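The values are calculated or read from the model by the stated rules, or taken from the named source; none is laboratory data. Predicted model only: the values in this text are computed from it and were never measured. Here Cβ is always computed from backbone atoms with ideal geometry, including for glycine, and neighbour counts include all displayed protein chains.
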């Protein structure tokens, strides 16, 4: 093992000793060596099986068969989740073939950041993760189930499902993906059209045609944002079947993998080869997830989601862990926005099997982990194929099929993982550098302050941004307005940069998995509305963002900063409409970005930063 990987893992284990022990104790108390429905009264059980067919009723009454709960994020507006419509029927048939029963335990909400981008509904997006976690708990609260299949793909949905399922960590749980849509318009062309639209050189019809050719069918969006980062993480942490992440929807192999997941969860219940979720997601699995995220240039949203997921399993991690691991983990992939290839190109170039082979050989991953497929991550270097109608696994590739997409280990795209913690008198933040050219990694320029991302376009059109500048987008944090993604800023900032000006973004909001070529210090904490230094910046203040040294500073004396009043923002328009009034309690209670931006639990700040 790499010495830094070992050191960070030991530190996390020590930091988490008390909370992890308490979690495992709770999960042990929840165990049962008999089907869990046996703890129900006759009236309870009668209600739980009332709508079942006669065969399933008979099986569930016998108390010697597993009952598998299905929790699904299906809706047919989300392209990534539309294929899940057919999964319950496939699963029930497969589980019945194993002599057990599957019931649809519950559905969880699933919103699309692509639809709500720049719209009021985006302010519910981050909070939807904790809502999904609670909905998952409600679905499993009937104590009818001996195993769980979680059906979900996109941004906040997979983290929410996993956080909720970890409250039932005494049960085995397998995540069942839908796969990416087939490739559409090449990513560089999509970026080119978006930038031309921002400059007013093409009209809205051209932009809509471009977007429609990019997002055009069932499946996950093909760029490497949070949704595809989720799939990578579920496989890296041992919750997918090997090679399940990036098989296209509505194909025989995809359906075979769904059936196989249903069969496998039956095998690993308490009545079989017991592999509970709470034992799989431990400190080593979390480190494996972080390492794989870094090696692939994955979504910065996971600097919050992984913190919350880990906390749900009693594991305490922080941004320093990410940054220290990033310093030694090489960047091995180039997938848009970090390159021109999409996720299908990555899969064809060797995909997850090759990536695991490379990282294991370099001592970057813990192999001695428990997974839903058994002991050891090495088995994830195999990939699935159909041999006639039979699903089989064979050894995956050991060399890249396309070194422009997956690098040779001895010639990585970068020596580090492209994620860094920035800190200084502005607070702490993270920056994703994997798509930023080296000459843009240090920016020192005057502040241009906005309190709403919609303010930037008129300033751009008036020519007010044709200069070196650091855009300060403040009052965009979790407590201010739910921390929406700020991608409406990206095309305009990209144009300014292309015109030869030094430009950067500093925000207490999010840019997520699509963070691109403009250096962006995101998730700044403390956020402006809680008294963070961002609220003391004034237009024209010199800001220094140094991604090489890890610095984020406003170049104003401490005395002057302390003497300045805190700026305020009119947030009244963020309080109502599109259901935002229902989430007022979450805005008041949410923790900081580094604590996972969660309302469900907040890791002790002192303990989590040791």
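Points worth noting:
- Qualifying position, being at pLDDT 95 or above and within 21 Å of the chain's Cα centre (by Cα), among 325, 354, 360: 325
- Filtering the range 195-207 for residues that are crowded, with 20+ Cβ neighbours inside 10 Å, touching a helix residue (DSSP H, G or I) at 6+ places or on another chain (Cβ under 7 Å) and not assigned by TED's automatic domain parsing to the domain that holds residue 382 leaves a non-empty set.
- Just one of the listed residues (105, 89, 137) is more than 18 Å from the chain's Cα centre (by Cα) and over 23 Å from residue 312 (Cβ atoms), and it is 89.
- Restricting the range 365-416 to residues that are out of contact with any helix residue (DSSP H, G or I) (no Cβ under 9 Å at 6 or more places or on another chain), part of a strand (DSSP E or B) and over 21 Å from residue 268 (Cβ atoms), the residue that is modelled with the lowest pLDDT: 387
- Search result, residues across the range 458-472 that are in contact with a helix residue (DSSP H, G or I) (Cβ under 8 Å, 6 or more places away or on another chain) and either over 18 Å from residue 538 (Cβ atoms) or surrounded by fewer than 14 Cβ atoms within 10 Å (Cβ to Cβ) (or both): 460, 466
- Inside the range 46-86, residues that are in a helix (DSSP H, G or I) and within 24 Å of residue 36 (Cα to Cα) make up a count of 13.
- Looking across the range 417-452, the residues that are assigned to a loop (DSSP other than H, G, I, E, B), buried (at least 18 other Cβ atoms within 10 Å of the Cβ) and in contact with a strand residue (DSSP E or B) (Cβ under 7 Å, 6 or more places away or on another chain) come down to 417, 418, 426, 433, 434.
- Test result for residue 483, in contact with a helix residue (DSSP H, G or I) (Cβ under 8 Å, 6 or more places away or on another chain), in a loop (DSSP other than H, G, I, E, B) and crowded, with 21+ Cβ neighbours inside 10 Å: yes
- Taking first residues from the range 368-382 that are not assigned by TED's automatic domain parsing to the domain that holds residue 169 and partners that are modelled with pLDDT of 95 or more and outside any loop (DSSP other than H, G, I, E, B), no Cβ contact under 8 Å between residues at least 6 apart in sequence or on separate chains turns up.
- Answer residue from the range 486-517, given it is modelled with pLDDT of 95 or more and in a strand (DSSP E or B) and is farthest from residue 587 (Cα to Cα) among those: 503
- In the range 106-124, residue nearest to residue 594 (Cα to Cα) [restricted to those that are surrounded by fewer than 22 Cβ atoms within 10 Å (Cβ to Cβ) and touching a strand residue (DSSP E or B) at 6+ places or on another chain (Cβ under 8 Å)]: 117
Quick grid of which residues meet (1) closer than 17 Å to residue 530 by Cβ; (2) part of a loop (DSSP other than H, G, I, E, B); (3) over 30 Å from the mean Cα position of the chain (by Cα):
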residue	(1), (2), (3)
540	no, yes, yes
544	no, no, no
548	no, yes, no
556	no, yes, yes
560	no, no, yes
565	yes, yes, yes
568	yes, yes, yes
573	no, no, no
578	no, yes, no
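- Residue match in the range 18-29 (condition: more than 29 Å from the chain's Cα centre (by Cα) and closer than 16 Å to residue 270 by Cβ): yes
- Any hit, the range 29-37, residues being closer than 27 Å to residue 99 by Cβ, in contact with a helix residue (DSSP H, G or I) (Cβ under 8 Å, 6 or more places away or on another chain), assigned by TED's automatic domain parsing to the domain that holds residue 137 and in a helix (DSSP H, G or I): yes
- Among the candidates 184, 238, 217, 169, residue that is in contact with a helix residue (DSSP H, G or I) (Cβ under 6 Å, 6 or more places away or on another chain), touching a residue at least 12 places away in the same chain (Cβ under 8 Å), assigned to a loop (DSSP other than H, G, I, E, B) and farther than 30 Å from residue 32 by Cβ: 184
- Any hit, the range 101-108, residues being assigned to a loop (DSSP other than H, G, I, E, B) and in the same structural domain as residue 64 (by TED's automatic domain parsing): yes
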